[in-house]
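Some notes on the structure that comes next.
The values are calculated or read from the model by the stated rules, or taken from the named source; none is laboratory data. Because the structure is predicted, anything quoted here is derived from the model rather than measured. Reconstructed Cβ throughout: ideal geometry from the backbone, glycine too, with neighbour counts over all protein chains shown.
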Amino acid sequence: MHLEPDRYSFVFLGENALKNLVEFMIDAELTLSIAPHHAEKVRLRPIVELVQATLAPEGQSAVARKTFEITSSVHFLSALFEVVSEFENEPASSRKAITACLFAYHLREWIWKEHRSLIEKALGLKDQEAFYKYVNNCFPDFPLIREVCLGTKHFETNHNQVLNTGLSGGDFSPDDFSSADFYVGDLIVETGIGNKNALEMLKSVLRFYEKLFSVLGI
């Protein structure tokens with residue numbers, strides 16, 4: 001422990017140390033440094049509640065506490081299946097496409113935060129950046145999903161890989177009625193190397209997550 005005039009600097013190696021020191025930290029004006037991968041210092045008082053909320057009961061995994069009944073990555077994957085299925089039933093719905101993209105994108109972060117020890121053991125990946133790179137390598141369209149999400153959240157008009165999104169033309173002609181006339185078109189993601197069918201991309205990311213969960217033994 002290194003003592004400075006108005007702060008303490010601690011190095012923790014695991015969750016148990018946090019549990020043992022939470023009570024001591026509550027009324028102290030401390031600065032916390034977490035090693036080995038997070039050396040940044042943060043004022044402690046504003047994060048005490050977050051630390052307490054994050055620490056799981058003994059023998060249990062950490063759970064999300066601000067997402068209603070969706071409290072784990074398994075629940076999140078199930079929700080992703082539901083929203084993709086809803087999108088499949090209405091493939092021209094921008095709302096359902098965006099919702100599915102949001103779930104698909106954020107599930108990656110849930111998996112990392114809940115199962116980082118499993119990820120390190122099964123994949124040998126020790127930090128978030130390495131895991132995210134692994135996801136992109138295994139599922140190259142993931143950056144497209146990310147761009148749709150960021151474009152939705154932040155009203156982004158610039159582009160990286162995604163040039164545009166839109167609806168491909170349907171098939172209706174009063175002079176040539178056929179079963180194809182019920183085809184209303186598909187939502188597409190336009191890139192510099194061609195268009196991606198949004199629904200097929202989301203169904204593919206579901207298959208990727210299923211395989212990842214299997215590899216991690218979740």
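When the stretch 89-123 is examined, which residues are found to be more than 18 Å from Ile218 (Cα to Cα), surrounded by 15 or more Cβ atoms within 10 Å (Cβ to Cβ) and in contact with a Lys or Arg (Cβ under 9 Å, 6 or more places away or on another chain)?
Cys101, Leu102, Tyr105, listed by residue number.
In the stretch 116-128, is there at least one residue being assigned to a helix (DSSP H, G or I), within 13 Å of Tyr209 (Cβ to Cβ), of a type outside the set (S, T, N, Q) and touching a residue at least 60 places away in the same chain (Cβ under 8 Å)? Let's see the steps before the verdict.
Filtering the stretch 116-128 for residues assigned to a helix (DSSP H, G or I) gives 116-123, 128.
If we keep only those that are within 13 Å of Tyr209 (Cβ to Cβ) as well, we get none.
The answer is no; no qualifying residue exists.
May I ask you to verify whether Asn160 is polar (S, T, N, Q), closer than 26 Å to Arg108 by Cβ and at pLDDT 85 or above?
No, not satisfied.
How many residues does the stretch 133-157 contain that are of a type in the set (Ser, Thr, Tyr), assigned to a helix (DSSP H, G or I) and modelled with pLDDT under 85?
1
Just to verify a result, which residue in the stretch 198-218, among those that are over 26 Å from Asn164 (Cα atoms) and among the charged types (D, E, K, R), is farthest from the chain's Cα centre (by Cα)?
The initial filter retains those residues of the stretch 198-218 that are over 26 Å from Asn164 (Cα atoms), namely 210-218.
Retained after the next criterion (residues that are among the charged types (D, E, K, R)): 210-211.
Numbers: Glu210: 15, Lys211: 16 Å.
The residue in question is Lys211.
Could you identify the single residue in Phe76, Phe87, Phe103 that is under 19 Å from Gly166 (Cα atoms), part of a helix (DSSP H, G or I) and aromatic (Phe, Trp, Tyr)?
Just a single option satisfies the conditions, and that option is Phe87.
Scan the stretch 121-151 for residues that are over 30 Å from Glu190 (Cβ atoms) and out of contact with any Phe, Trp or Tyr (no Cβ under 9 Å at 6 or more places or on another chain) and report the count. So that I can check it myself, show each step before the final result.
Taking the stretch 121-151 as the starting set, the residues that turn out to be over 30 Å from Glu190 (Cβ atoms) are 121-127, 130.
In the following step, the residues that additionally are out of contact with any Phe, Trp or Tyr (no Cβ under 9 Å at 6 or more places or on another chain) were identified as 121-122, 124, 126-127, 130.
Total satisfying the criteria: 6.
Does Leu163 satisfy being farther than 20 Å from Leu77 by Cα, of a type in the set (A, V, I, L, M) and out of contact with any strand residue (DSSP E or B) (no Cβ under 8 Å at 6 or more places or on another chain)?
Working: farther than 20 Å from Leu77 by Cα: yes; of a type in the set (A, V, I, L, M): yes; out of contact with any strand residue (DSSP E or B) (no Cβ under 8 Å at 6 or more places or on another chain): no.
So Leu163 fails the test.
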